[in-house]
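Below is one structure, written out as structure tokens; the observations come after it.
The values are calculated or read from the model by the stated rules, or taken from the named source; none is laboratory data. A quick note: this is a predicted structure, and the numbers were derived from the prediction, not measured. In this analysis, Cβ positions are derived from the backbone assuming ideal geometry, glycine residues included, and neighbour counts consider all displayed protein chains.
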Amino acid sequence: MHQFLQLVNEQKYEILQALLQHITISLISLVLAVVIAIPLAIILRDRPVLGEGGLQIAGIIQTIPSLALLGLLIPLVGIGTLPAVITLTLYAIMPIYQNTYTGLKNVDPTLKEAAQAFGLSKTKQLQRLEFPLALPLILSGIRIALVMIIGTATLAAFIGAGGLGDYIMLGIQQNNNSYLLIGGILSAALAFSCSWLLKYLSQSKKRAWGALILLAILGVSFGGYKVYEIFQPKPVKVVIAGKLGSEPEILINMYKELIEHDDPKAQVTLKPNFGGTTFLFKALQKEQIDIYPEFTGTVLEAILKRTQKTPSDPQKTYQLAKTGLAQQYNMTYLKPMAYQNGYDLAVTKQFSQKYHVTKLSELARVNSSVHAGFDPDFSNQEDGYLGLKQVYGLDFGKVSVMEPALRYQAIANGKVNLVDGYTTDPQIKQYDLVVLEDDQNFFPPYQGAPLLNESFARKNPQIVKSLNKLAGKITTKEMQAMNYEVSVKHRKAREVAHEYLVKHKLLD
């Protein structure tokens with residue numbers, strides 16, 4: 001509990017920002033769903049065939065898994081807020097449309113006949129009779145939709161839309177219950193608060209009408225603001241994104257400081273925890289972001305998808321990645337930093353001293369004594385344990401497959417004595433582990449470097465010059481230590497990044 005409260009206090013502004021992002025995405029989606037669903041139900045209320053057809057279509061959309069729907073939208077509209085809003089809007093249409101359509105259809109026919117007898121037009125009947133009677137049911141649909149939106153919006157973090165889902169993703173990745181609690185508690189509290197508010201509003205017609213008018217005003221205001229933005233001169237901005245985790249966030253904060261130091265007029269926006277390689281690369285292609293740090297080995301294997309074995313020489317790997325990106329995607333890959341963030345095998349200090357093991361080649365003689373804890377992918381892939389068995393002659397006595405977040409806990413608790421990981425993982429320092437030397441260079445090089453579109457690099461030579469200050473800097477131990485400060489000691493990534501830049505005289 002102390003750790004949780006300390007984290008909340010240290011990151012209160014970041015938490016507030018994530019909460020506001022979550023609320024913004026949810027409200028925009030709700031307003032759009034209301035604007036679409038209610039008029040559609042009104043138009044189709046006297047057309048049973050089309051009305052029922054609308055219900056069926058809305059129901060089919062709801063059967064599509066939200067992550068699948070987000071994935072389908074990425075090639076069409078890219079990543080970030082837009083696909084998240086579209087997905088949430090589509091999910092919210094069903095309950096609002098269904099309740100509005102049902103409420104209007106269930107108005108007593110005798111009341112409609114009486115209204116016609118008094119000479120009321122269809123518009124007046126809707127305004128004075130049908131809509132007021134259906135309003136409680138309509139608000140109930142809006143209430144269901146809003147709670148659904150708030151819960152589903154946590155998945156928006158997977159495509160870089162931000163919100164409370166960022167904390168849930170970080171909690172899962174780092175096995176940090178404090179992050180999970182922040183994301184989960186705030187999401188649940190927000191859903192409960194909004195549900196209670198809408199229930200309160202639905203108990204009075206005046207309150208209900210006020211709520212609908214407020215939603216309409218919000219929708220018109222948002223639309224007007226967006227139109228205003230379109231016609232305003234756009235200042236030159238730089239958008240830098242990073243993958244999930246502490247290391248990318250440290251790097252993008254370094255990029256930001258270096259750029260702003262050399263050009264105080266630069267307007268740099270950071271998008272930390274923006275997603276995985278695929279999301280970031282597509283965002284760069286669509287110019288939704290301008291820069292993000294990528295690893296040389298990842299470029300060859302995940303982006304260029306080379307079938308040949310990745311060279312063990314870091315310089316050759318970088319040159320292949322740089323040339324491939326330029327030829328296939330017209331992208332500029334700047335010079336890499338010194339550190340490697342590749343695969344490793346780590347053991348406890350006690351195991352290393354007991355069996356005199358410091359290199360991977362020395363593991364073969366103690367095969368029977370090894371109880372390994374491996375990530376599911378690493379245990380079954382050629383560039384993981386399967387390849388290591390052939391190159392180093394490994395055949396461990398016992399191998400337990402477990403989720404990545406649990407491996408380090410397992411070795412810390414003595415459940416296993418060897419784990420796979422990455423060379424800059426903060427848990428290596430946290431649990432005082434020994435990383436075994438890859439003395440036959442089995443693992444491919446993974447050096448980080450800024451990736452940007454060639455057109456952006458050509459237009460902004462000063463930014464390229466600023467980023468190149470990190471070329472050849474940051475050792476593996478230094479990156480590991482910075483990750484430890486952010487992930488374990490919960491310091492702000494921007495503070496850790498700033499300290500490094502000042503210490504190494506890259507900033508005044």
Query - Any chance Gln447 is more than 21 Å from Gln350 (Cβ to Cβ) and within 26 Å of the chain's Cα centre (by Cα) - result: yes
Those residues of region 258-278 which are surrounded by fewer than 20 Cβ atoms within 10 Å (Cβ to Cβ) and in a helix (DSSP H, G or I) amount to Glu260, His261, Asp262, Thr277, Thr278
Within region 98-144, restricting to residues that are among the small types (Gly, Ala, Ser) and part of a helix (DSSP H, G or I), the one that is farthest from Gln62 (Cα to Cα) is Ala117
Condition met for Ile149 (touching a Phe, Trp or Tyr at 6+ places or on another chain (Cβ under 9 Å), hydrophobic (A, V, I, L, M, F, W, C) and at pLDDT 90 or above):
yes
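Can you find a residue that is under 23 Å from Ile250 (Cβ atoms) and crowded, with 21+ Cβ neighbours inside 10 Å anywhere in region 386-395? Before the answer, list the steps.
Step one: of region 386-395, the residues under 23 Å from Ile250 (Cβ atoms) are none.
The answer is no; no qualifying residue exists.
Can Ile142 be described as at pLDDT 70 or above and within 17 Å of the chain's Cα centre (by Cα)? Break it down into steps so the answer makes sense when it comes.
Values: at pLDDT 70 or above: yes; within 17 Å of the chain's Cα centre (by Cα): no.
Here the answer is no, as Ile142 does not meet what is asked.
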Taking region 429-442 and keeping only residues that are surrounded by fewer than 23 Cβ atoms within 10 Å (Cβ to Cβ) and not polar (S, T, N, Q), one is left with Lys429, Tyr431, Asp432, Val434, Val435, Leu436, Glu437, Asp438, Asp439, Phe442
Here, strands (runs of 3 or more DSSP E) confined to region 303-402 with at least 1 residues that are over 30 Å from Asp290 (Cα atoms) and among the acidic types (Asp, Glu) are 343-348
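What residue, among those in region 492-508 that are in contact (Cβ under 8 Å) with a residue 12 or more places away in the chain and over 21 Å from Gln447 (Cβ atoms), is surrounded by the fewest Cβ atoms within 10 Å (Cβ to Cβ)? Break it down into steps so the answer makes sense when it comes.
Keep residues of region 492-508 that are in contact (Cβ under 8 Å) with a residue 12 or more places away in the chain, which gives 492-494, 496-498, 500-501, 504, 506-508.
After this cut, where a residue has to be over 21 Å from Gln447 (Cβ atoms) as well, the list is 492, 494, 498, 507-508.
Values: Lys492: 17, Arg494: 18, His498: 15, Leu507: 18, Asp508: 6.
Result: Asp508.
So that you can scan it fast, the table gives a plain yes or no per residue for (1) small (Gly, Ala, Ser); (2) in contact (Cβ under 8 Å) with a residue 12 or more places away in the chain; (3) in the same structural domain as Gly245 (by TED's automatic domain parsing):
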residue	(1), (2), (3)
Leu452	no, yes, yes
Ala457	yes, yes, yes
Pro461	no, no, yes
Lys465	no, yes, yes
Asn468	no, yes, yes
Gly472	yes, yes, yes
Met479	no, yes, yes
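Under the condition of being within 18 Å of Thr269 (Cβ to Cβ) and among the β-branched types (Val, Ile, Thr), which residue from region 279-296 is modelled with the lowest pLDDT? Lay out the reasoning, then the answer.
Just the residues of region 279-296 that are within 18 Å of Thr269 (Cβ to Cβ), to begin with: 279-280, 283-284, 286-293.
Add one more test, that the residue is among the β-branched types (Val, Ile, Thr), and what stays is 289, 291.
On the way: Ile289: 90, Ile291: 96.
Per the criteria, the residue is Ile289.
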Considering region 409-427, residues that are crowded, with 23+ Cβ neighbours inside 10 Å and either among the acidic types (Asp, Glu) or part of a helix (DSSP H, G or I) (or both), and then whichever is modelled with the highest pLDDT, we arrive at Ile411
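For Leu244, state whether it is assigned by TED's automatic domain parsing to the domain that holds Leu270 and at pLDDT below 85.
Details: assigned by TED's automatic domain parsing to the domain that holds Leu270: yes; at pLDDT below 85: yes.
In short, yes.
Among the listed residues Leu20, Leu82, Leu88, identify the single one that is surrounded by fewer than 17 Cβ atoms within 10 Å (Cβ to Cβ), closer than 30 Å to Ile240 by Cβ and modelled with pLDDT of 85 or more.
Details: Leu82 fails: modelled with pLDDT of 85 or more; Leu88 fails: surrounded by fewer than 17 Cβ atoms within 10 Å (Cβ to Cβ).
Answer to the check: Leu20.
Just wondering, is there one or more residues in region 83-90 that are without any contact (Cβ under 8 Å) to a residue 12 or more places away in the chain, over 28 Å from Arg494 (Cβ atoms) and assigned by TED's automatic domain parsing to the domain that holds Pro132? Steps first, answer last, please.
If we filter region 83-90 for residues that are without any contact (Cβ under 8 Å) to a residue 12 or more places away in the chain, which is where we start, we get none.
No, region 83-90 contains no residue that is without any contact (Cβ under 8 Å) to a residue 12 or more places away in the chain, over 28 Å from Arg494 (Cβ atoms) and assigned by TED's automatic domain parsing to the domain that holds Pro132.
Of all residues in region 279-297 being assigned to a loop (DSSP other than H, G, I, E, B) and not polar (S, T, N, Q), which is surrounded by the most Cβ atoms within 10 Å (Cβ to Cβ)? Spell out the reasoning first.
Of region 279-297, the ones assigned to a loop (DSSP other than H, G, I, E, B) are 286-290.
So of that shortlist, the ones also not polar (S, T, N, Q) come out as 286-287, 289-290.
Working: Lys286: 14, Glu287: 12, Ile289: 29, Asp290: 22.
Among those residues, the one meeting the criterion is Ile289.
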